Amino acid sequence: MKATVTMLLLLIVLAPFAQAGQESVSITVYNTDLALVKDLRRIDLERGVSEVRFSDVAQRIDPTSVHFRVLEGAAASVWEQNYRFDLASSSKILEKYLDKDVDVVTEDADLFTGTLISVDGSMIVLDQGRGRGPIITLNRDKLAYIRFPSLPKGLISKPSLVWRIGSEESGERLVEVTYLTSSINWHAEYVGVVSAEDDAIDLAAWVSIDNRSGTAYTDAELDLVAGDVNRAQVQGMDIAYKGARAMVGEGMAPAPEFHEEQLFEYHLYKLDARATVNDREIKQLTFFPSTAVTVEKILEFDSRQSADVRVLLEFENSEEMGLGQPLPAGIVRLYKEDSAGDLQFIGEDRIDHTATDEDVRLYLGNAFDIVGERKMMNSRKITTRVREEDYEITLRNHKDENVVIRVVEHFHGYWTITAKTHEFEKKDAGRVEFSVPVEAEGEAVVRYTVRYEY
């Protein structure tokens with residue numbers, strides 16, 4: 001082994017950059033501003049140590065997460081990695097050419113040649129006499145172009161990983177490069193149409209992928225992960241990472257579908273077709289087609305939540321109700337047809353990750369024609385450790401149909417309801433619900449007494 005290393009050191013070949021040709025790419029996008037990229041490319045290596053430029057990587061790559069392995073061909077390993085992200089631009093090139101000669105052509109076709117001695121946002125300054133003058137200033141907005149002899153050293157056109165790779169044999173390799181990048185995210189969006197009777201939703205779902213990572217993923221295998229993946233916080237990480245790394249290593253075709261599977265304690269959704277995700281693009285794909293979901297409309301008066309009567313739609317995420325699949329977090333937007341058959345927007349709410357057979361609760365807005373008022377009518381001290389409070393809740397229905405309103409009341413400590421006008425259901429240690437019918441154009445009053453013991 002030591003003899004082999006010695007031989008490699010004696011045969012170091014600093015060849016021109018070998019370029020890596022892409023075979024395929026896959027990307028797994030997490031809903032936490034993170035993606036895992038797996039890039040398969042073919043590269044030619046010289047015997048000894050070759051310098052390879054691996055370009056078109058994400059500009060927001062975490063270079064410390066890069067993993068390199070050979071899939072086909074003789075073994076090779078990365079000896080050193082540099083992430084170069086100093087991208088060429090007109091301003092960068094001008095800065096690199098300070099104190100060097102350039103040719104400047106104005107929009108009037110005038111040619112000026114001289115040493116570039118100053119540049120800012122609006123002007124450039126040329127010395128046409130190599131330190132003896134004359135000195136001229138030119139407005140950058142009035143220039144046609146500036147001619148530079150070559151691209152300055154250190155600037156590149158695309159973010160790139162530059163490796164020194166050690167290999168005992170010359171020839172082509174198929175390599176897999178895996179890395180993490182930020183500035184790419186995804187979320188679910190649900191769109192539904194509520195039935196005329198408010199007892200069902202025709203619900204469809206999309207996923208939106210927002211790519212701002214600095215590169216495009218062309219014809220990629222696409223996976224999505226839903227779940228809260230922990231990441232360690234790195235203090236003061238210098239993204240310009242450099243160092244030795246020893247990494248070995250007939251009819252209309254149906255729309256592509258996502259297929260769900262378990263991944264650790266998360267959910268993985270795999271698209272059954274390839275997709276292209278361009279940089280600075282929000283791409284939307286069908287998550288699941290329209291499906292009828294049975295729902296229940298709830299009119300709820302909870303003074304702790306709002307002074308108004310809130311309108312909710314609730315359903316169980318089950319096969320019996322029309323769904324029965326894990327639902328990633330996202331916004332649910334709902335519409336309903338008016339008397340002319342036109343769809344009108346009726347509200348939206350955000351849901352969290354929802355497992356199968358769990359309940360979904362959507363708050364859409366406040367009822368216009370239903371009013372609720374809550375008052376404490378009396379408070380009295382029975383003993384030093386016992387107090388009673390009387391409450392009155394008035395519900396007024398200005399609609400031309402009967403309704404049932406869910407009244408939610410909250411308590412603390414050790415409590416007992418000692419008197420009531422309506423039956424209630426105890427939901428937990430500090431919450432009860434009254435189900436109160438209110439006739440059309442009518443009014444209902446709920447009264448109760450609660451006793452607190454300390």
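Only one of the numbered conditions (1) surrounded by 12 or more Cβ atoms within 10 Å (Cβ to Cβ); (2) modelled with pLDDT under 90; (3) not charged (D, E, K, R) is violated by residue 255, and that is (1).
Of all the criteria given as (1) more than 25 Å from residue 110 (Cβ to Cβ); (2) assigned to a strand (DSSP E or B), the one not satisfied by residue 146 is (1). For the residues 417, 393, the requirement of being more than 44 Å from the chain's Cα centre (by Cα), of a type in the set (A, V, I, L, M) and either closer than 28 Å to residue 380 by Cβ or surrounded by 12 or more Cβ atoms within 10 Å (Cβ to Cβ) (or both) singles out 417. Any residue in the stretch 122-134 that's more than 20 Å from residue 94 (Cβ to Cβ): show its pairings with residues that are assigned to a loop (DSSP other than H, G, I, E, B) at Cβ separation under 8 Å, as long as the two are six or more apart or on different chains. Once the first residue is more than 20 Å from residue 94 (Cβ to Cβ) and sits in the stretch 122-134, its partners that are assigned to a loop (DSSP other than H, G, I, E, B) give 134/128. Among the residues making up the stretch 303-314, those that are within 19 Å of residue 445 (Cα to Cα), of a type outside the set (Val, Ile, Thr) and part of a loop (DSSP other than H, G, I, E, B) are 303, 304, 306, 307, 308.
Of the residues 91, 77, 65, only one is in a helix (DSSP H, G or I) and under 30 Å from residue 184 (Cβ atoms); which? Before you say what the answer is, go through the steps one by one.
On the way: 77 fails: in a helix (DSSP H, G or I); 65 fails: in a helix (DSSP H, G or I).
Going through 91, 77, 65 in turn, the sole match is 91.
Pick from 453, 425: which is among the charged types (D, E, K, R), modelled with pLDDT of 95 or more and under 47 Å from the mean Cα position of the chain (by Cα)? Matching residue, one of 453, 425: 425.
Looking only at the stretch 361-384, residues that are small (Gly, Ala, Ser) and exposed (fewer than 13 other Cβ atoms within 10 Å of the Cβ) come to 1 in all. Taking the numbered list (1) assigned to a loop (DSSP other than H, G, I, E, B); (2) within 24 Å of the chain's Cα centre (by Cα) in turn, residue 340 passes all entries but (2). Just so you know, in the stretch 125-141 the residues that are at pLDDT below 90 and under 45 Å from the mean Cα position of the chain (by Cα) include one that is surrounded by the fewest Cβ atoms within 10 Å (Cβ to Cβ), and it is 141.
Given the structure, is residue 389 in a strand (DSSP E or B) and at pLDDT 95 or above? Yes; evaluated as a whole, the condition is true for this residue. Counting the residues of the stretch 265-302 that are surrounded by fewer than 18 Cβ atoms within 10 Å (Cβ to Cβ), at pLDDT 90 or above and assigned to a loop (DSSP other than H, G, I, E, B) gives 6.
The values are calculated or read from the model by the stated rules, or taken from the named source; none is laboratory data. Not measured: the values here are computed from a predicted model. As a convention, Cβ positions derive from the backbone with ideal geometry for all residues, glycine included, and neighbour counts pool all protein chains shown.
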